[in-house]
Amino acid sequence: MDTSKAPKRPPSRLPDLLQHFLREWFRHAFSPWGRRVCDAIPASPPVTVPALCVASLLREADVLSFMCCCRRACAVSEVLASMRWRAPRPSVLVHRWRRYFEVSCSQLKAALLEHLPAVDRKASKQLRAALVAATRDGVLVDFAVPGARSGYVVDRLRSRAGYLADLLLMDSLTHVRLLLTRSTSFRLVNVGGGPGFDAVGLQLLADFLGAGVHFQHEVLDIEQGWNDVVQHIGTILAGTSQGARTTLTFRNCDMIHARPLCHMPEAVDMFIFAYVCVENAQALRSSDFDCLRLLFSSAKLHCVFLFLDSTDRLWPDILRVARSVGTYEAVFVHVAHKIRMVLQRVHCQSATRLQLEKELLSVCQKHRSAATGN
């Protein structure tokens with residue numbers, strides 16, 4: 001067979017791309033910021049910036065080939081694949097995302113603590129006891145002591161900031177993650193959002209995945225004292241962004257009596273209820289969840305509601321209220337011995353997801369019966 005006339009394969013660009021990646025990595029690794037990251041993460045280069053560089057040059061098929069070049073190229077390709085079309089492998093979450101988050105969050109925490117009052121250990125201990133009682137009794141917690149608020153930030157910033165981001169990297173919530181990362185502008189209302197922890201996790205996740213989204217993040221909380229913390233976090237996020245941006249605002253608000261809960265609820269992309277429904281459980285039940293009913297009825301198509309409380313006994317009633325005014329699809333996520341609920345307004349419900357929700361919903365119903373005696 002005469003191979004002289006066979007068409008020649010085009011030269012591969014992968015060696016050049018790998019060289020470009022290594023050049024970018026060394027440039028950032030030996031910058032002051034890069035050195036801090038490399039010191040904290042031995043043998044694991046920051047991969048987000050190189051992945052963004054490579055993203056403009058590689059097709060999806062190239063990404064899979066690029067993985068085979070070397071260990072560092074594989075790291076970049078896995079992050080790049082997560083940006084584009086597939087859920088990350090567990091190793092991306094456990095090794096790369098978590099280490100990226102830990103370093104970034106510790107730097108943000110150190111910067112934030114410079115602006116907060118000194119921690120009042122006695123008041124912090126009393127606050128922790130009150131939070132446990134609130135989960136059991138469904139009553140509000142008083143965050144009025146500045147030193148107790150500082151203690152709350154010290155104790156919970158790392159765990160609370162990473163919790164929502166970790167949830168969004170789970171396979172069952174891929175549709176929510178893609179809705180967020182594929183947007184150029186995304187409006188969130190964080191009810192009971194207190195110090196703004198969720199804004200930290202969402203921006204770090206968007207930076208990690210290379211999403212250039214602008215978060216318009218409004219925190220609503222009954223404790224006016226959180227306003228200063230929210231403003232400081234907003235300033236720090238603005239100075240550390242690698243692509244995503246967050247406009248963080250605070251409004252003093254009581255979720256039970258505010259009507260409507262926020263301005264133009266029909267334009268909100270995501271509502272977050274973090275550790276607030278259980279504290280208002282008695283008031284919510286007495287009003288038959290009227291404040292949530294108004295939000296569910298006015299929410300736009302594809303709007304997402306995240307319920308992240310420390311107990312799941314309210315989820316059956318909240319799901320009933322949502323489906324009484326619209327078509328809502330539910331995803332229940334069982335993690336860290338707790339069940340979280342994610343609702344999304346849709347045209348029609350998926351039969352597969354309806355089947356999946358039954359088992360965990362029945363667990364929530366048992367917990368509700370045990371708590372209420374009904």
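The values are calculated or read from the model by the stated rules, or taken from the named source; none is laboratory data. Source: prediction; values computed, not measured. Methodologically, a virtual Cβ is constructed for each residue, glycine included, from the backbone with ideal geometry; neighbour enumeration extends over all protein chains shown. Each accessible area value is taken on the protein alone, full model and side chains, heavy atoms only, with ligands, DNA and RNA left out. Shrake-Rupley method; radii C 1.70, N 1.55, O 1.52, S 1.80 Å.
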Report summary line: For E359, the accessible surface traced by a 1.4 Å probe with all protein chains present amounts, in square angstrom to the nearest 10, to 140 Å²
Requested in this report: Please list I318, I222, I256 in order of solvent-accessible area, largest first, computed with a 1.4 Å probe with all protein chains present.
Outcome: I222, I256, I318
Query - Two-site label geometry, S183 and L113: point separation in nm, points 7 Å out along Cα→Cβ - result: 3.3 nm
Query - Full-stretch length increase - R136, E102 - with 0.36 nm per residue and alpha-carbon distance subtracted - result: 9.1 nm
Report task. Would you mind checking the pairs K300/K338; K109/K300; K122/K366; K122/K338; K109/K338 and listing those with alpha carbons more than 31 angstrom apart? Result -> K109/K300; K122/K366
Query raised in the report: What is the Cα centroid distance between the stretch 287-303 and the stretch 187-262, reported in whole angstrom?
Result: 21 Å
Query raised in the report: Under the classification rounded if a/c is under 1.5, otherwise prolate if a/b is larger than b/c and oblate if not, where does the stretch 184-271 fall, given a ≥ b ≥ c as square roots of the Cα gyration tensor eigenvalues?
Result: oblate
Report summary line: Under the rule rounded for a/c under 1.5, else prolate if a/b exceeds b/c, else oblate, using alpha carbon gyration tensor axes a ≥ b ≥ c, the stretch 253-336 is classed as rounded
**Report entry** FRET efficiency, 1/(1 + (r/R0)^6) with R0 41 Å, evaluated for Q224 and V346 via beta carbons
**Finding:** 0.65
Query raised in the report: How much FRET efficiency would the formula 1/(1 + (r/R0)^6) give for E359 and S324, where r is the Cβ-Cβ distance and R0 is 25 Å, rounded to 0.05?
Result: 0.65
Report summary line: Of 192-204, 105-117, ordering from highest average Cβ density within 10 Å down gives 192-204, 105-117
Report task. Go through K125, K300 and list them by solvent-accessible area, largest first, probe radius 1.4 Å. Result -> K125, K300
Query - Share of carbon and sulfur in the accessible heavy-atom surface of the stretch 195-264 [1.4 Å probe, %] - result: 52 percent
**Report entry** For S310, solvent-accessible area (1.4 Å; no DNA, RNA or ligand), Å²
**Finding:** 30 Å²
Report task. Provide the per-residue ³J(HN,Hα) series for the stretch 302-317, in order, calculated from phi with Karplus coefficients 6.51, -1.76, 1.60 and θ = phi - 60°, each as a whole number of Hz, with x at glycine and proline positions. Result -> 6, 4, 10, 10, 9, 10, 10, 5, 7, 9, 9, 6, 8, 4, x, 5
Requested in this report: Could you tell me the accessible area of L167 in Å² (1.4 Å probe, neighbours in place), rounded to the nearest ten?
Outcome: 10 Å²
